[in-house]
Structure formats: structure tokens, C-alpha cells
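The values are calculated or read from the model by the stated rules, or taken from the named source; none is laboratory data. This structure is a prediction, so every number in the text was calculated from the model and none was measured. Glycine also receives a Cβ, built like all others from the backbone with ideal geometry; neighbour counts cover every protein chain displayed. Areas reflect the complete protein model, heavy atoms only, side chains present, ligands, DNA and RNA absent. Shrake-Rupley method; radii C 1.70, N 1.55, O 1.52, S 1.80 Å.
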Amino acid sequence: MASVERPTYRLLGQRIPYVEGPLKVTGRAEYTDDLRRPGMLVARLLRSPWPHARLRSIDTTAARALPGVYAVLTGERYPTPFGVLPITHDETAIAVGKARYTGDILAAVAAQDERTAEAALALVRVDVEELPEYSDPRTGIARVAEPIHARGLNGSNVQKEVVQDFGDVDAAFSQAAQTARVRGTFAGVTHAFTEPMATIAESTPDGRLTVWSATQVPHYLHRSLSEVLGIPMHRIRVIKPEVGGAFGGKSDPLPHEIVCAALAIETGRPVKLLFDREDVFYTNHGRHPTQNDVRIAVDADGRILAYDIEALIDGGAWSSFGTVTTYYNGVLSMGPYRVPNFRYHGRRVYTNRPPSGAMRAHGGTNIRYSVEVALDLLAEQLGRDPFDLRAINALPPNSTTVNEFRITSTSFLKCLAAAREKSGWDAKFRRLPYGRGVGLGCGFYISGSNSPIHFTPKMPQSTVHLKVDMDGGIAVHSMQADIGQGSNTLLAAIVAEVLGVDLERVHVQRVDSDVSPIDIGSYSSRVTFMMGNAARSAALDLRGQLIAAAAELLGRPAESIETTHERFQVRGAPEVGVSFAAALEKAMERVGALTATGAYSTTPKGGTFKGARAGTAPAYSFAAYVAQVDVDVETGEYHVEKIWAAFDCGRALNRLAVEGQIEGSIHMGLGQVMGESMNYRGARLFNPSFLEYKIPTADQMPEVEILLVAEDDPEGPFGAKEAGEGPLIATLPAVGNALYDAIGVRFTELPITPDRVLRGIDRRRREGRPWKGA
Amino acid sequence: MSSQELLSFRLNGQPVTTPCEPARILLDLLREDLEETGTKRGCDLGTCGCCTVLLDGRPTLSCLSLARLVEGCEVTTIEGVSPPQGLSPVQAAFVAHGATQCGFCTPGFVLTATALLKENPHPSREEIVRAISGNLCRCTGYTKIIEAIDAAARGGP
Ligand code: FES
Ligand code: FES
């Protein structure tokens, strides 16, 4: 390939501290629960103690009569179904007819204070008929006595079934030199963001409703409020305060947000609804408990011939993003490899457990673990190094996958090379003493979904507005949602970069649906790519206006003018130029404050078969991680000593933020592989607190060495791709495969807890199969 | 409301006298009654560290503390370690090193770090890790928090 000179930028590519960082470190950043409105009431929810029950009657008379109670709501008042995906509207704001999981909302109260609200809840009398409880997705595949939802497939609890078949999988398996099979079992895990959900709503006499909510997708919330409450969107205003982490858990429009708004309408007063930690656990929407069955066939050189995959996904009580989940468990299993024949059968089954939904690296995590363990097995069977096996199977750049994904940039081979070299792999693999080991895991993820979920897919996915006034400050409006990942900072930096101005001139405005143009929010790792492109195009528009003014002032053609730091000057004659301020003043003579708009639309790409668009993205991220572990073979405790994380996010536009996303992703991935688990007895969750659902603490984190070796993406803004979710995925198989290298035990059930490790060690010893001489 | 008595303590250097029921929790008193909202509520169960305040200089979980127990004590919240203009060295280091992402855990970490550096101005990495192991952060993986505290101890941002 001809070497193209890689441009450098003034700001982008540096370590850019978060623009709102000073507010966060001083406690001045405003989260929803920090806001208050005059005369504000407190809302509380009555949650179902039954996993599955028909609601015979809910008597709220006594609760309503309690002094200090302003409203008590039950499901019939706002029964319109909703849900994040337009095709699976199966939720209601408050349960109607049935309770479907322990934690389902049965009634809501607005009262003068917390104590009164709690007292009122205790007075609500609920009469139910308990129904059979479904907690095992295997049972729900067939027709059941009492389907959880009427829309279950043929009287079963199957919410979504996906069957895909490309090429000739059976023929490929019959020609295979080697095959491997991994049957993985994955406990559910949850986001565990630190800020519990919170919503404030206020309905005012001018007929408008304002909702402040801890959401990562303000636009979908806006739509759902309108649909369920029957109020046109232009009479609803959604404001997103600072959000204390989300990771997918605040991406569905959630029932409590609608309930809070409904209570504000009923009472005519502002209402706040704040979750406690238990509410957060029951609301869940975390990663699905999953069983998968992965078979991979390779030829004698280790070239992948075919995948044959099944996935059985425990959806919990609602659809949520589940249709997408069901597709992703298949289609995201292939990249970073070329897979010529592919068969997938995925089912997502309703159970009476708290709903699962989208969680960081949604749909790409569990299946990836099993695939990467199978590849590790195959490498062993073939006597090949795991790196070599991956390398010969790498998807080439500018290629098309068997299911018609368009692959553009990939630096996967560079990631492999960097991880191999920096980790000292060749000196360590199978060479460390018994109990210590290294493992390789790779990753692949979408950089934004090509299919927006909102119902007018012809609209751009992201729009950015800019306004500059006499003060030279640039106000930026967009409905992208900063949830801690640094998107406000990136937005400001892109605008400043294009205009050549200092970052402090750029003020990213709070998300407010009255003034923010639509961007469909923070999910599917789409923001950098889509908002970034929209911001770039808005800033280019504005720059054009300023250059035209500078050209007029200088009496030179616009084409001859270049942008430098706070200055426009003639290319080749830098002494001839005008300041940013002077150009701005000139440009304003005609129109006053300058405004500009930029937008980004994905071109839908992919095949024409059913479900073809699932997983199509304008670009993909790639990863190769090595983990090194140290196992205490007496106790089964183990420590991840270090992770070398080679990640292809295209160009890292804010290195500080990209590193932070990778480090945070590794934390979350380690949590899932090493210990996190939503523990159920039947359908009942019994560890809804951080006491029993433990996320890793500082002393459990390994050293992380980040290797950013990628080339620029041709379509990403300034060459960038995603770094928000993909970096999680490779963590899990890297640890699983490292444990194999350490003790010779394959783990296919997550989390890999010390007792499982110990059992594995014992089993191997009993079978008389020593490993590394022990 | 019943059985309110007056509670007196010093909050961020200023004397405060406020009505307080016997069962009032310090976090509620701070956030709801005194509107010091920099102290965050993450769990109400003593498990996350978001509600950390300094009680006579020692990191304390305000969600587990009865407000009455601070009678006569000095309580420092995040508002109390923030200078009127600009940032404290710990705060500046947190911003510069990317130790805050969503920011919800940050006040708790800043207070814990501030107390650590007061007691032990030159902590080792292990001492930093030990000091912050009671605070949960779901965003950063702690790496940059540790770096920031280390940098603040070395006198740089
Ligand atoms: S709110 Fe006090 S420890 Fe979580
Ligand atoms: S920065 Fe989000 S929890 Fe720590």
C-alpha cells in the first residue's frame, strides 16, 4: 500500500482533560437528584413480590385517603405499551393485568415526603392469583401453561428466534481437519453504575411537561413519554442532567421515568422519583444469562472453515433490546476472522426474572468468550501458536463478510503483533511455571449501529448546531449524551480543532430537547463516529463563513486562506492574515450571530435477507489482549497480574478518554469473568446490593498496558472509531485462556470463581493428567 | 415533625445549628436539609463510598452515620475542600489525569485522597490502593485515580 502521510492535529490526539472535570471534582456537577423544584413531591413505587401473578384487584382507597398523599396510580391509567424497539412494545409504565417479575411496578404514590409515601404504599392492597414461575429458558422454548406474554412464539415464552445459514456448514464440517466445541454458560451481570436512576417531572399550566432524567438516550425517552402519556412531543421537554454512569442500563426508556411524569401530570406539582440501590438491581437490563454452543471447523493449516452456533438467552420479563441481542449473539461472533460458512440459531426466551437488556459490549461478549476459547482449543489441537492461528484468519481490510458486513479499516494484525511483542508472549506461553499463565483473547465490535431505532430512519443519526456571537464563544447544541465517556469534551475539541480556536471558547450546552437537535444518544458505541462527523461538518460550515469574511477583509480568494491557531491567513504568506475575532466581526455584519449545522447519516449497508442490517456498522473496532494470571492452586484464588490491551479504535482523538474507556472496560470485563453474578433462586434475585454483588475494587485491578497501534479509519471523524464498548470483550477470553495456560483447566462457566478453579484443579489431578509437570 | 432537637457541629469550617431528629442520617441531613449536594448517594448501605465525608479529618460514610453523632465535630464535605476559585491540588490532578469520568464517585475519592495525603504526604502505590479500596468506581478501573493521587503527592497536577 502506498504510504500516505498521516495528518497531525493541534488538539485531537492529545490528552484532553474533560471540559466538565472541574465541576465533577468539586461536587458542583448537577445530577438529577441534586436538583429540586419548589413544592416538589416525592414518589415511591410498589413493587411486586411475586415473580408471576395475575392481578385480580389493587385497592388504593386507604392509600389515597392518607393525609399528605397527592396521587396513587395503577396500571390502567396509562396502559399504552411501549419499549425501546418499535417492534416489541411489551412494557407498560405500571403493570397491567399481570406482574411478570419480582420488582415489577404495581402502583405508584406521590406524597409530600418520603415517609408519607412509604406509609401510603403499605396501605395499597393487592389481590393476586399466583401463576407458574418460569426461570429456566429451556422450559420456555416449548408451549407453556401460562405464557409470560401473549406475543411469545406459538404459546411459548420465546421472545425472538433467529435462524441464519450462510454457505454450506455441514459440508465444511465434513471436510474439516479439526473441530472444536465449547458449550458456555454465563451468569447474568449488571451495569452497577454508581448513580441510581432518578427522574424529576413537572407539568406546568402552559400545558407543557418537563422531565429531567438520568438517561443515556434522551430522544427515546422523549418519544416514549409522548406515546404513553398521549402528549405531543413538542409539549414535552426532556433535560439530561449529568449522568453518573450508565453502560446501557439507562438506554431503554424506563417505566419509572414515565410513572414520574404521569404523577406530575396527576398532581400538577413537581415530582421526584429516586431509586435506591435495590431498585437499580431489580430494574437490571444487564447482560443476559446465556448458554451457548459453539462449534468451529478448521482445515489442516488452521483456516476457519465454518462456525455452527446456538445461543439460548434468558431475557427476563420484557423484550427491551432483546431482538438485537438475539441477532448480535450470532453476527458479532465472526469478526475479526473470516468465516466462509456460518450457521446460527439463537433464541431469547422470556422468564420471570428482572429484564436483561443492553450492557456495554451488548451481544458481543458471551459469544466471544466461547469462540475465543474454541480457537485456543483448536490451536492446541493443531500444535499451533494461538497468535498464528488468529493471524491467518484475520479479516482483510476493505472486505465483505459472509453475512455481508462491510469491513473497511482493520488494524487487527497490528494489534496481534503489538500484544504478542509487548507481553513477551513467546517466552511465556506454556513456559511459565504451573499456576501461572498467559492467554490471548480477541475482540470485534460495531462502531455505531447503521440502523437507528427511531421510527424515521431517513433522518440523520446525529445533528450538531453551532452558534457564535459577538463574544467569540461558540455554543454547541446536540442531543448526544455524555454519561461520563467524554463526549462533551470530544464535541468541543472537534469544533475547536476545525475552527482553530482555543478549547475554552467552546461551550457544550446541556441536553435539552427544546433546543438540542436530535442525536439518538449514547448506545451501540456510536457517539464518537456519528456525533464526531456531525460536529466536524457543522464546524466546517462555520469555518467556511469565517474564511469568506477573512477573504473579504484581506482581498484574497477564499481558497487561498488557511486556518491556524485563532487566525486565518494566506497560505504561503503567513504574515498576511486576520485574527479569529476580526473575521468573526466581519462575518457578523451581514447576519448577526453566526449559526451552522452539521449532520451525519449512515448509509444502510448489508444484505437483503431477513435481519441483514443487524450488526451492520459504518466501521468496526478490533482488539487483541493478553492476560497474565497467577493462581493459588491451594485455594483457587487467582490474580490477574497484567493485561496488554492492543485496541484498534482508529485514531484515538482524546487519548486520555480512550485510555479511560479501555481501563474501565477491562474493570467491567474482569468483574464478569472473575466473580460478578446476578444470583437467582428460581426467578428471584437474591443479591440486589453491592454487599453481595461485588464489583472489583482498586486492589483487585491488574496493571494495564494500552497499545494503540491502529491506522486511521477512512470514514470516522479524523480517522476515529469506537472505544467505549469493544475494549471490554477481549478481557474475558484472555483471562479464561490464561487460566488454561496456568493450570490446564478449560473454564466454560462464568464467572470463574475460586471454587470452580479449585474443582477444576482437583478434577485434572484425579484424572491423572498432570499439567506443566504438576 | 416529632422530637426534633437542635444539632450543632462545624460544617466546612462554619458553625451550623440545625433541627435534627434522632434517627436522621448524616447523608440525608447534608443533602436534603443543608443542600450540600456534592456528597453523593450511591447505595445508602455503606458499600460504595460515594457518600464519603471527613469527620474530624477521617473518611467516614455519611450514609451509615447518625447525624446526631457529629455533635461538636468538624464535618468536611467536597464543598469544604474546594477553594473559592480554582481547584485543590488533588482536584487538579484528578482532572488532569482523567481520574473522573461520570464523576459520581469522584467527591468520595477526592475526600479519601485528601485525607490520605494529609496523614501520609508521600504514600506508596500500595498505600494509595489500600486507602481507596473502600470506594467503588465503575468507570475508570481505578488506574487513573491512583495515578492522580500519586501525582498530587508528588506536587504536580
Ligand atoms: S451511599 Fe454511603 S456507601 Fe454508598
Ligand atoms: S467516575 Fe463514574 S463511578 Fe467513578
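If we count GluC sites (Glu not before Pro) as exposed when they sit in a DSSP loop and have at most 11 other beta carbons within 10 Å, what is the longest stretch of chain A that avoids them all?
It runs A:6-633.
How big is the A-B contact in terms of buried accessible area, both chains counted, 1.4 Å probe, rounded to the nearest 100 Å²?
3800
Please work out the Cα center distance from segment A:529-586 to segment A:668-724, rounded to the nearest Å.
43
Once phi is turned into θ = phi - 60°, what whole-Hz ³J(HN,Hα) does the Karplus curve with 6.51, -1.76 and 1.60 give for every residue of segment A:557-567, x standing for Gly and Pro?
Computed from phi, the couplings for segment A:557-567 are x, 4, 5, 8, 9, 10, 9, 10, 4, 6, 7 Hz.
May I ask you to find the residues of segment A:632-665 that are shielded by at least 40 Å² of accessible area once the whole protein assembly is considered instead of their isolated chain (probe 1.4 Å)?
A:L656, A:E663
How many Å² of accessible area per residue for segment B:89-153, probe 1.4 Å?
Accessible area per residue, segment B:89-153: 29 Å².
Count charges around A:L389 for me, please; just the other residues with Cβ under 14 Å from its Cβ, Lys/Arg as +1, Asp/Glu as -1.
Numbers: positive: A:R303, A:R338, A:R384, A:R390, A:R420; negative: A:D299, A:D301, A:E372, A:D376, A:E380, A:D385, A:D388.
Local net charge: -2.
Shielding of B:143-149 by partners, i.e. mean partner chain Cβ atoms within 10 Å per residue?
3
How big is the Cα convex hull of segment B:5-80 in projection, averaged over all directions, in nm²?
It is 4.2 nm².
Quick one: helix B:143-153 against the long Cα principal axis of chain B, what's the angle to the nearest 10°, folded into 0 to 90?
It works out to around 90 degrees.
Cβ under 12 Å from A:F247's Cβ, A:F247 left aside: what net charge do those residues give with Lys, Arg +1 and Asp, Glu -1?
For residues surrounding A:F247, the net value is +2.
Probe radius 1.4 Å, ligands and nucleic acids left out: which of A:R28, A:R36 has the largest accessible area, and how do the rest follow?
A:R28, A:R36
State which entries of A:K694/B:K118; A:K24/B:K144; A:K414/A:K458; A:K240/A:K721; A:K98/A:K240 exceed 27 angstrom in Cα-Cα distance in the structure shown.
The answer is A:K694/B:K118; A:K414/A:K458; A:K98/A:K240.
Given a 1.4 Å probe and the protein chains all in place, what does the accessible area of A:M40 round to, in Å² to the nearest 10?
Its heavy atoms expose roughly 50 Å² to the probe.
Mind listing, in residue-number order, the residues in segment A:29-43 that have at least 50 Å² less accessible area with every protein chain present than in their own chain alone (1.4 Å probe)?
A:Y31, A:D34, A:R36
Please compute one quarter of the surface area of the Cα convex hull for segment B:56-157 and express it in square nanometres.
6.7
Ordering A:V704, B:V75 by accessible area with a probe of 1.4 Å, largest first, what comes out?
So, going from the largest accessible area down, we get A:V704, B:V75.
Given H placed on each backbone N at 1.01 Å, which residues far from B:I25 in sequence or on other chains put an amide H within less than 5 Å of it?
The answer is B:A67.
Rolling a 1.4 angstrom probe over the protein heavy atoms, how many square angstrom per residue are accessible across chain A? Don't skip to the end; give the middle numbers.
Working: 26060 Å² over 774 residues.
Here the per-residue accessible area is 34 Å².
If you bin the C-alpha pair distances of segment A:462-600 every 5 Å from 0, what whole percents do you get?
Pair shares across the bins are 2, 11, 21, 22, 17, 12, 8, 5, 2, 0.
Determine the order of A:K467, B:K144 by accessible area, beginning with the largest, at a probe radius of 1.4 Å.
Descending order: A:K467, B:K144.
Relative contact order for chain A using alpha-carbon pairs under 8 Å, separation at least 6, rounded to a whole percent?
Relative contact order comes out at 16 percent.
Residues of segment A:157-203 that become at least 40 Å² less accessible with every protein chain present than in their own chain isolated, using 1.4 Å: which are they?
Listed by number, the residues meeting the 40 Å² cut-off are A:T194.
If Lys and Arg each add +1 and Asp and Glu each add -1, what is the summed charge of the other residues whose beta carbon sits under 14 Å from the beta carbon of A:D648?
Working: positive: A:R390, A:K414, A:R651, A:K721; negative: A:E711, A:D712, A:D713, A:E722, A:E725.
Surrounding charge for A:D648 is -1.
Would you calculate the volume per residue, in Å³, of the smallest convex hull containing every Cα atom of chain A? Working shown, then result.
Working: hull volume 130.0 nm³, N = 774.
Cα convex hull per residue, to the nearest whole number: 168 Å³.
Across peptide B:81-87, how many C-beta atoms of other chains are within 10 Å of each residue C-beta, on average?
Other-chain Cβ atoms within 10 Å of each residue's Cβ, averaged: 2.
Of the heavy-atom accessible surface of chain A (probe 1.4 angstrom), what whole percent is carbon and sulfur?
Roughly 49 percent, rounded to a whole number.
Which of the chymotrypsin sites (Phe, Trp or Tyr not before Pro) across segment A:363-468 are loop residues per DSSP, with 16 or fewer other Cβ within 10 Å? Please list the in-between numbers first.
Details: sites: A:Y369, A:F387, A:F405, A:F412, A:W425, A:F429, A:Y434, A:F444, A:Y445, A:F455; in loops: A:F405, A:F429, A:Y434, A:F455.
Hits after loop and neighbour filter: A:Y434, A:F455.
Pop out the carbon and sulfur fraction of the accessible area of segment B:17-104 as a percent, whole number, probe 1.4 Å.
Carbon plus sulfur share of accessible area: 55 percent.
Please work out the C-alpha center-to-center distance from segment A:256-270 to segment A:338-387 and express it in whole Å.
The two parts, judged by their Cα centres, are 42 Å apart.
Less than 27 Å apart at the alpha-carbon level, and either on another chain or at least 8 residues along: which lysines does that give for A:K772?
A:K772 reaches A:K422, A:K428, A:K642.
How shielded is A:684-693 by partner chains, expressed as the average number of their Cβ atoms within 10 Å of its Cβ atoms? List each step's numbers first, then the result.
Values: counts 0, 0, 0, 0, 0, 5, 8, 4, 1, 1.
If you average over the peptide's residues, the count of other-chain Cβ atoms is 2.
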